[in-house]
Amino acid sequence: MKFSTKAIHVGQEPDPSTGAIMTPIYQTSTFAQSEIGVHKGYEYARTHNPTRTALETCLASLENGKHGLAFASGMAATSCVGNLLKAGSHVIVGEDVYGGTYRLFAKVLTNYNIEFTFLDTRNLNLVKQAIKPNTKMLWIETPTNPLLRLADIKSLVNTVKSYNIITVVDNTFASPYFQNPLDLGADIVVHSTTKYIGGHSDVVGGAIVVNDENLYEELKFHQNAVGGIPGPMDCFLVLRGLKTLSLRAREHEKNALAIAKFLKAQKSVESVYYPGLPDHPQHDLAKTQMRGFGGMVSFVLKGGYESANLLSKSTKIFTLAESLGGIESLICHPSSMTHGSIPEKDRIERGIVDGLLRFSVGIEDIDDLINDLDFAFNVLENNLRIKV
Ligand SMILES: *Cc1c(COP(=O)(O)O)cnc(C)c1O
């Protein structure tokens, strides 16, 4: 079965008791047993819920994995993977991972005597040099937020595999439509389903997908033991979003490419980051590792904070807000929003300068999006001219 068919059907057979085509929202905390220990596979809804099972089964199939686990948020999924670590373990992490992931690792898990090395995962030598006898996990994001840098999943897996290090890929930015890390050798895939998978900015959720039975059993144990599970209504919403992921992903990508090209042509734009542009330094890797380039575009404006602020408030369709991956176009100013907690010097060193803006390009009509930006850039360029 191909992706768009799986998204609509896997785990989502008509309800056996009524024939309902859509997966019912099993809003129940517990399930009847006909005699002690005899039940239909469900006992208590932290452990299992049929709406969640449908979502978990579908997510697993979209990542070409055997097992899926759904969570109340992307951070709950990340935290569950963190539960695999024991005191004294060491983890190698991409330096530009999601801010919440950085916070969980650097400010929570370090309290449990787990050690983290943050580095540029584009550089295989750096990764190799960072491996210690107690290194248990490599955590990467690709493409990264907000600079859309890529990590070469296959080469990284090959670099760490012989050391018994688990490779985890946060695949939120690409979505399973554009990239399947398990196929490239990764052990665990993590998603914030809040983003492209849910796709409508109306639900917060997370997921883990794996192939390995032992890893699955361990993660399933922690999911139940810690309890960061999504409710049935949230599972339903994510499933509902998932059904149209392939359609949305193609539109996001088409619009993002057009906008990346538009940005490149603007006098007030210093640089554009989009893996789909032929001059992106990792365009070739993107072409082999991904099936498309996604809907996120970042760029640096001349004039720093002032320009970024003026452009952000001059658009009418693009809305200034956190988050990404929904049908609507959003602008983020990483240095003050998503990455505001990184000390200024580190932030600027990492390329997250005050003139940087990140677009989550939505699926509105491209003509309207370009007109919206065209107007905002005119405001900006007139303002820059007045100042000169
Ligand atoms: C949003 C996000 C997360 C966290 O997900 P929540 O659903 O907000 O908890 C993790 N990783 C990436 C790449 C994200 O964009």
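The values are calculated or read from the model by the stated rules, or taken from the named source; none is laboratory data. Worth saying up front: this structure is predicted, and the values here are computed from it rather than measured. Backbone-built Cβ (ideal geometry, glycine too); neighbour counts: all protein chains shown.
Selection within segment 195-225: residues that are within 14 Å of the chain's Cα centre (by Cα) and among the hydroxyl-bearing types (S, T, Y). The member of this set that is farthest from T319 (Cα to Cα) is Y196.
Yes or no, residue by residue, for (1) at negative phi; (2) touching a strand residue (DSSP E or B) at 6+ places or on another chain (Cβ under 9 Å); (3) not hydrophobic (A, V, I, L, M, F, W, C):
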residue	(1), (2), (3)
K195	yes, yes, yes
D212	yes, yes, yes
F221	yes, no, no
P230	yes, yes, yes
R240	yes, no, yes
L245	yes, no, no
Q266	yes, yes, yes
Y274	yes, yes, yes
K287	yes, no, yes
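Note on segment 68-133: enclosed helices (runs of 4 or more DSSP H) holding 3 or more residues that are in contact with a Leu (Cβ under 9 Å, 6 or more places away or on another chain) and surrounded by 14 or more Cβ atoms within 10 Å (Cβ to Cβ) are 74-82, 124-130.
Against the conditions (1) assigned to a strand (DSSP E or B); (2) within 26 Å of I352 (Cα to Cα); (3) within 12 Å of the ligand (Cβ to nearest atom), A207 satisfies every one except (2).
How many residues are assigned to a strand (DSSP E or B), under 17 Å from the mean Cα position of the chain (by Cα) and away from the ligand (no atom under 11 Å from the Cβ) if we restrict to segment 149-194?
Final tally of qualifying residues: 4.
Criterion first (more than 16 Å from the ligand (Cβ to nearest atom), in the same structural domain as V81 (by TED's automatic domain parsing), touching a residue at least 12 places away in the same chain (Cβ under 8 Å) and surrounded by fewer than 21 Cβ atoms within 10 Å (Cβ to Cβ)) does K220 satisfy it? Yes; evaluated as a whole, the condition is true for this residue. Looking across segment 195-204 at every residue that is of a type in the set (A, V, I, L, M) and out of contact with any His (no Cβ under 9 Å at 6 or more places or on another chain), the one that is farthest from the ligand (Cβ to nearest atom) is identified as V203. When segment 316-335 is filtered for residues that are surrounded by fewer than 19 Cβ atoms within 10 Å (Cβ to Cβ) and either within 12 Å of the ligand (Cβ to nearest atom) or over 19 Å from I197 (Cβ atoms) (or both), the ones remaining, listed by number, are K316, I317, T319, L320, E322, S323. Given (1) β-branched (V, I, T); (2) over 20 Å from the mean Cα position of the chain (by Cα); (3) closer than 20 Å to R103 by Cβ, identify the lone condition not met by I317. Every condition holds for I317 apart from (3). When N113, N125, N145 are screened for being at negative phi, away from the ligand (no atom under 14 Å from the Cβ) and outside the structural domain of M290 (by TED's automatic domain parsing), only N125 passes.
For segment 269-314, the set of residues classified as surrounded by fewer than 20 Cβ atoms within 10 Å (Cβ to Cβ) and of a type in the set (S, T, N, Q) consists of S271, Q282, T288, N309, S312, S314, listed by residue number.
Within segment 356-388, being within 14 Å of V297 (Cα to Cα) and of a type in the set (G, A, S) holds for S360, G362.
Let's see how each residue does on (1) under 20 Å from G325 (Cβ atoms); (2) not small (G, A, S):
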| residue | (1), (2) |
| --- | --- |
| I188 | no, yes |
| G205 | yes, no |
| V210 | no, yes |
| F221 | no, yes |
| G228 | no, no |
| P232 | no, yes |
| K243 | yes, yes |
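Return yes or no: is V238 surrounded by 18 or more Cβ atoms within 10 Å (Cβ to Cβ), β-branched (V, I, T) and in a helix (DSSP H, G or I)? Yes, satisfied.
Applying the criterion of being modelled with pLDDT of 95 or more and under 17 Å from the mean Cα position of the chain (by Cα) to the residues of segment 83-100, the residue that is farthest from the ligand (Cβ to nearest atom) is V93. Do we have any residue at all in segment 131-140 that's more than 16 Å from the ligand (Cβ to nearest atom), more than 30 Å from K243 (Cβ to Cβ) and free of Cβ contacts under 8 Å to residues at least 12 places away in the same chain? Among the residues of segment 131-140, at least one is more than 16 Å from the ligand (Cβ to nearest atom), more than 30 Å from K243 (Cβ to Cβ) and free of Cβ contacts under 8 Å to residues at least 12 places away in the same chain, which makes the answer yes. Would segment 61-74 turn up any residue that is more than 10 Å from the ligand (Cβ to nearest atom), farther than 18 Å from D187 by Cα and out of contact with any Pro (no Cβ under 9 Å at 6 or more places or on another chain)? No, segment 61-74 contains no residue that is more than 10 Å from the ligand (Cβ to nearest atom), farther than 18 Å from D187 by Cα and out of contact with any Pro (no Cβ under 9 Å at 6 or more places or on another chain).
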